[in-house]
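Note sheet for the following structure.
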Amino acid sequence: MEARLTRLNYNEILMYLGHRGQECPAELEGQIHRCIEEVMKASDPRLVYRRLPVSNGEIKGFPLEGKDMPEILLHCQEAVLLAVTLGPRIEQLLMRREVTDMADAVIMDSCASTAIENVCDHFEFDLREQLERDGLYLTDRFSPGYGDLPLHTQVRLCEALNTTRRIGLTVTPNYIMIPRKSVTAIMGISDRPQKLRKRGCEVCSMFLTCPYRKEGGSCHE
């Protein structure tokens with residue numbers, strides 16, 4: 001299964017930029033579209049995944065911390081370990097703009113965040129569609145740092161998937177992924193339809209510091 005990146009969701013980019021429905025000046029709108037084009041040109045999406053057996057909510061050979069992930073996997077027979085990156089050119093583009101044009105850098109960071117979610121969503125959609133043809137069902141995508149799944153889990157995910165060699169993705173001692181615009185995640189595969197969890201503030205690791213909540217909103221509205 002290949003990584004796919006399609007047209008970015010403009011409204012999602014505005015959300016990352018902190019807009020709340022106010023009118024976007026024509027000059028800013030033009031700047032955003034220019035940044036979208038540059039991010040799309042620099043993106044080289046890559047992914048790697050692996051299916052492992054699951055028993056009683058535990059992934060064979062990959063013990064999990066916390067309660068959320070075992071609960072999600074409770075009725076699953078397999079788990080999917082996933083790693084996705086936009087590649088090193090995005091990292092280089094963002095670093096250059098952080099030095100030469102901070103306004104562009106902020107917008108491009110939002111565009112790249114939207115882009116990596118775009119790739120992850122396409123993978124999830126494609127895998128879900130493939131599995132359902134075989135009478136199997138996919139759970140939600142759950143990433144380290146979300147709920148009570150520790151952020152350091154992504155180190156073990158990258159080791160299990162050999163991401164350094166296969167897609168050029170590494171993790172620093174502070175658990176920062178390089179390239180930064182990368183995602184690791186776990187999903188479950190079951191022989192019965194799975195109830196998809198509500199994506200809400202209460203299970204997010206940013207619950208106490210989220211800027212959206214401070215303004216009375218949320219990123220999933």
Review point. For Lys60, what accessible area in Å² do you get when you roll a 1.4 Å probe over the heavy atoms of the protein chains, rounding to the nearest 10?
Key: 150
Exercise for review: Enumerate the amide H contacts of Ala79 below 5 Å, restricted to partners 5 or more residues apart or on another chain; note that Pro and chain-start residues carry no placed amide H.
Suggested key: Leu52, Val54, Ile189
Revision key, fill the gap. Residues whose built amide H sits under 5 Å from the amide H of Gly147, excluding neighbours closer than 5 in sequence, are Cys204, Ser205
Review point. Projected onto the charge dipole of the chain (+1 at Lys/Arg Cβ, -1 at Asp/Glu Cβ, origin at the Cα centre), which of Thr139, Leu161, Ser110 gives the Cα projection farthest towards the positive end?
Key: Leu161
Review point. For the chain, what is the mean residue ellipticity at 222 nm derived from helices alone (per DSSP H run of n ≥ 4: -39500 (n - 2.57); sum divided by total residues; nearest 500 deg cm²/dmol)?
Key: -12500 deg cm²/dmol
Point to revise | Sequence-distant residues sharing a close amide H with Gly57 (under 5 Å, placed H) | key: Cys76
Check your understanding: At a 1.4 Å probe, what is the % contribution of carbon and sulfur to the accessible area of region 1-103?
Key -> 50
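Please work out the Kirkwood hydrodynamic radius for region 44-117, using every pair of different C-alpha atoms, and report it in angstroms with one decimal place.
Details: mean 1/r = 0.0671 Å⁻¹.
Taking every pair of different Cα atoms in region 44-117, averaging 1/r and inverting gives 14.9 Å.
Summing Lys, Arg as +1 and Asp, Glu as -1, what charge do residues with Cβ under 10 Å from the Cβ of Val183 carry, Val183 excluded? Write down the numbers at each step before the final one.
Values: positive: Arg141, Lys181; negative: Glu117.
Around Val183, the charge tally is +1.
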Exercise for review: Rounded to whole Hz and in sequence order, give me ³J(HN,Hα) for region 99-111 from the Karplus expression 6.51 cos²θ - 1.76 cosθ + 1.60, θ = phi - 60°, writing x for Gly and Pro.
Suggested key: 8, 9, 7, 5, 5, 4, 4, 5, 5, 5, 4, 5, 5
Point to revise | Per residue accessible area of region 52-204, 1.4 Å probe, in Å² | key: 47
Review point. Residue-wise, which Karplus ³J(HN,Hα) couplings in Hz belong to region 112-126, taking 6.51 cos²θ - 1.76 cosθ + 1.60, θ = phi - 60°, and x for glycine or proline?
Key: 5, 4, 5, 5, 5, 5, 4, 5, 4, 5, 5, 4, 4, 4, 5
Point to revise | For region 71-77, 3J(HN,Hα) per residue [Karplus equation, 6.51 cos²θ - 1.76 cosθ + 1.60, θ = phi - 60°, Hz, x = Gly/Pro] | key: 5, 5, 8, 3, 9, 9, 9
Check your understanding: What ranking do 125-136, 170-181 get when scored by the average of other Cβ atoms within 10 Å per residue, highest first?
Key -> 170-181, 125-136
Point to revise | Solvent-accessible area, 1.4 Å probe, carbon plus sulfur percent, for region 112-173 | key: 49
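The values are calculated or read from the model by the stated rules, or taken from the named source; none is laboratory data. Computed from a predicted structure; not experimentally measured. For neighbour counting, all protein chains shown are included, and Cβ atoms are generated from backbone atoms with ideal geometry for every residue, glycine included. Just the protein is used for accessible areas: all its heavy atoms, side chains included, with ligands, DNA and RNA removed. Shrake-Rupley method; radii C 1.70, N 1.55, O 1.52, S 1.80 Å.
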